[in-house]
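Bear in mind these aren't lab numbers, they're just calculated from the coordinates by the rules spelled out. Since this is a predicted model, take the numbers as computed values, not measurements. As a convention, Cβ positions derive from the backbone with ideal geometry for all residues, glycine included, and neighbour counts pool all protein chains shown.
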Amino acid sequence: MNLLGFDGATLQDILPFLDLADEFVDATGKLITPRKYRDALAHHSIGLLFFEPSTRTRASFELAVDRLGGYPLQLASESSSIKKGETELDTCQNLQAMGMSGFVIRHSDRDILPMLGKSLRVPVINAGNGAGEHPTQALLDAFTLRRALRRERDLEGVTVLIMGDIAHSRVARSDVAVLRALGASVRIAGPESLLPPDGLLDATSFTDRKAALEGVDAVIVLRIQRERMPADVIDEEAFIARWAIDEEVVRDELPENAFIMHPGPVMRGVELTSDVADSDRSLILQQATNGVAIRQAVLLKCLKKEI
Ligand code: CP
């Protein structure tokens, strides 16, 4: 089974991933791998092909494969034959011929992943495709929120704000789809130039930070994705003045029990100050931990290795 995106997903599409990932995190939030899963991917090699930079997604998939007893084959595009002009499809077909059981792929071109998903015989997992989708990030965000709010199933009655650069964000696109499927009410907020056209996302749109934060259970903060926009689209100083979350915003505008989340990488001092990113309200490092558990669940489901 491929995992390319969650556009149009239902509750039943999402819950199995979250429920399986629950088996890989203990009550204190630490990673565990029950004995029955430790060889689930024995004799399976998974190709990790990152044609764009990554820290969290790449490392957590590598750890997830390792924790399930598989072999993570890392292919760095800078030192591969892609540099000589080989296509991504030829690269994957050659690795498939060597016995890969599946691929985890990140690419700046949003059309490459669907094409590879159709062309390859083994499962393809989207690790981020341009401004398209980042489905495993959305799963780990929903999983983190479900645990933080002590929910056992869905997120009915929960309000989540996604704030910052929405227009260029694959995380926003997947988060909206997954959170809505779980029954959450989803808001988006940011400068007009960084919001998508009306109706593109199933979320209520705000251009005022204070109004957007009112009554939320969590805010997912996104960085400005400069790699996907012309240099002059956004004035950073103006963005910080209007949208950055600092201690004062937390004190005056964020509801008392609301959590702060960020997929990373965090631009400290731009969308979040360090004291807020490192505060007790922040779930950022728990998101990183949970990313390993979610990717273990995704690998098992996509490769049909559930036990
Ligand atoms: N959240 C996320 O995708 O981080 P990386 O780019 O470091 O993988």
Completion exercise
Per the C-alpha gyration tensor (a ≥ b ≥ c, the square roots of its eigenvalues), segment 117-181 is rounded if a/c is under 1.5, else prolate if a/b beats b/c, else oblate; here it's oblate
Exercise for the section: Please give the net charge around Ser81, taking every other residue with its beta carbon less than 14 angstrom from that of Ser81, where Lys and Arg add +1 and Asp and Glu add -1. Expected result: -2
Practice task
At 0.36 nm per residue, minus the direct Cα-Cα distance, what do Arg110 and Gln74 gain on full extension? Give it in nm, one decimal, please.
Solution key: 10.9 nm
Fill in the blank from the handout: In nanometres, the difference between 0.36 nm per residue of separation and the alpha-carbon distance of Ala231 and Glu86 is 49.2 nm
Problem - Pairwise FRET efficiency - Gln12 versus Thr55, Cβ, R0 = 41 Å, nearest 0.05 - result: 0.80
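I'd like the trypsin sites (Lys or Arg not before Pro) in segment 124-165 restricted to DSSP loop residues with at most 13 other Cβ atoms within 10 Å, sorted by number. If you can, show how the numbers build up before the last one.
Values: sites: Arg146, Arg147, Arg150, Arg151, Arg153; in loops: Arg150, Arg151, Arg153.
The qualifying sites are Arg150, Arg153.
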Problem - Rough spin-label spacing in nm, given labels placed 7 Å along Cα→Cβ, for Asp22 and Glu156 - result: 1.6 nm
Fill in the blank from the handout: Quick calc, Ala241 & Asp39: beta-carbon distance into FRET formula, R0 45 Å, rounding 0.05, result 0.25
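Taking 8 Å as the Cα distance limit and 6 or more residues as the minimum spacing, I'd like the relative contact order of the chain as a percentage.
22 percent
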Completion exercise
Of all trypsin sites (Lys or Arg not before Pro) in segment 23-118, the ones in DSSP coil with at most 13 other Cβ atoms within 10 Å are Lys30, Arg38
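Sum up the charges of everything whose Cβ sits under 15 Å from the Cβ of Gly47, counting Lys and Arg as +1 and Asp and Glu as -1, but leave Gly47 out.
Charge balance in the 15 Å sphere: -1.
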Problem - Distance violations [Cα-Cα > 25 Å] among Lys30/Lys305; Lys83/Lys301; Lys84/Lys304 - result: Lys83/Lys301; Lys84/Lys304
Exercise for the section: Would you kindly state the longest site-free stretch of the chain, with sites defined as GluC sites (Glu not before Pro) in a DSSP loop (not H, G, I, E, B) surrounded by at most 15 other Cβ atoms within 10 Å? Expected result: 1-85
Handout entry: For segment 221-260 and segment 100-173, distance of Cα centres in Å
Key = 22 Å
Completion exercise
Counting only backbone N atoms under 11 Å from a point 7 Å out along Cα-to-Cβ of Asn94, the residues of segment 61-87 in range are 80-87
Handout entry: Contact order normalised by residue count of segment 23-88, Cα under 8 Å, 6+ apart, percent
Key = 33 percent
Exercise for the section: Mind jotting down the distance between the C-alpha centroids of segment 39-99 and segment 263-298, whole Å? Expected result: 25 Å
Fill in the blank from the handout: Charge tally for neighbours of Met1 with beta carbon under 14 Å away, counting Lys, Arg as +1 and Asp, Glu as -1, is +3
Problem - Distance in nm between pseudo-label sites at Arg251 and Asp278 (7 Å out along the Cβ direction from Cα) - result: 1.9 nm
